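Here the structure is laid out as structure tokens; the discussion comes afterwards.
The values are calculated or read from the model by the stated rules, or taken from the named source; none is laboratory data. These figures come from a predicted structure and were not determined experimentally. All Cβ positions, glycine included, derive from the backbone under ideal geometry; neighbour counts span all protein chains shown.
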């Protein structure tokens, strides 16, 4: 019977389906998506279970006995898939049968999806709840489960989108704060929330400006430079008034020499937690691929931070950031 199933290569499979570990399906839930299984390697998936059916441990055991570790969700049902992952994120991350690197991939994927939705609809009433859910799970996973930064780099998307950038800056900032000796969990959570939302003001910048290939003209640059203020307005409307969060959102483009925006602050006026975010923000922007440029190699990006940004970013923090990167797998930061 399986001989009649069409062949499929990995690229086509991933173009049409989202993979999910069987272990990530929570017992007693009724996923609002159908899932498929591959009858054998390189064969197209076939329908195994319709959406809205309750999934129990016995079903998981049956799949395991058949050697099925991964099931496939049609991308046409991706919204239901992402909602499921977001709703059950804490339970999935607490599941000891899922390897840490795969948990990191699931957390990264959930965070990117939430960031994308919030940037597309920043006025949504559940913005604080969804943002807090992601950052709480991120901080708990990193500092309780000790997930390494390499796990997230493997999961990362190296094409630049505002929403992937937000997640990656959050991760870089959390790990840099840890390396700098910050040890206040409450501050880590504020840092995570702020960096996750640091570019939400770009939701008010026209797409023609955000996606422009080439230098911005004076009017476009004026619009772009307003995104920190707009970001503060958006989160304030949602009742987020924490001083650390607001300072990071407003001031992450400030420079030590007063050349940044929107307020032209100088070194003494910029808190340390803002200074570390600025380094992470610039580095990720340089090392991710855009429609009009290739990703810059890590060494070249660090050279720019050291030479061209001298006197504008905190050098001691940059040295710690470089040391942090040097501990990573060389292939992952090349």
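Here are the numbers for the structure shown:
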read-out	value
Hey, residue 296 buried (at least 16 other Cβ atoms within 10 Å of the Cβ), touching a helix residue (DSSP H, G or I) at 6+ places or on another chain (Cβ under 6 Å) and either outside any helix (DSSP H, G or I) or without any contact (Cβ under 8 Å) to a residue 12 or more places away in the chain (or both) or not	yes
Residue within segment 276-285 that is surrounded by fewer than 19 Cβ atoms within 10 Å (Cβ to Cβ), at negative phi and modelled with pLDDT of 95 or more present	no
Scan of segment 33-44 for residues that are assigned to a loop (DSSP other than H, G, I, E, B) and surrounded by 14 or more Cβ atoms within 10 Å (Cβ to Cβ), ordered by number	33, 34, 38, 39, 44
Single residue of 19, 31, 45 found to be at pLDDT 90 or above, within 25 Å of residue 154 (Cα to Cα) and in contact with a helix residue (DSSP H, G or I) (Cβ under 9 Å, 6 or more places away or on another chain)	19
Residue in segment 202-223 that is touching a residue at least 24 places away in the same chain (Cβ under 8 Å) and buried (at least 21 other Cβ atoms within 10 Å of the Cβ) present	yes
Some residue of segment 45-66 being within 20 Å of residue 105 (Cα to Cα) and either surrounded by 15 or more Cβ atoms within 10 Å (Cβ to Cβ) or without any contact (Cβ under 8 Å) to a residue 60 or more places away in the chain (or both)	no
Where a residue in segment 252-281 is outside the structural domain of residue 225 (by TED's automatic domain parsing) and its partner, wherever it lies, is in a loop (DSSP other than H, G, I, E, B), with Cβ under 6 Å and at least six apart	none
Criterion (crowded, with 24+ Cβ neighbours inside 10 Å, free of Cβ contacts under 8 Å to residues at least 60 places away in the same chain and either touching a helix residue (DSSP H, G or I) at 6+ places or on another chain (Cβ under 8 Å) or under 14 Å from residue 245 (Cβ atoms) (or both)) met by exactly one of 104, 194, 115	104
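For every residue, the table says whether it meets (1) within 22 Å of the chain's Cα centre (by Cα); (2) not in a helix (DSSP H, G or I).
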position: 165; (1), (2): yes, no
position: 174; (1), (2): yes, no
position: 214; (1), (2): no, yes
position: 223; (1), (2): no, no
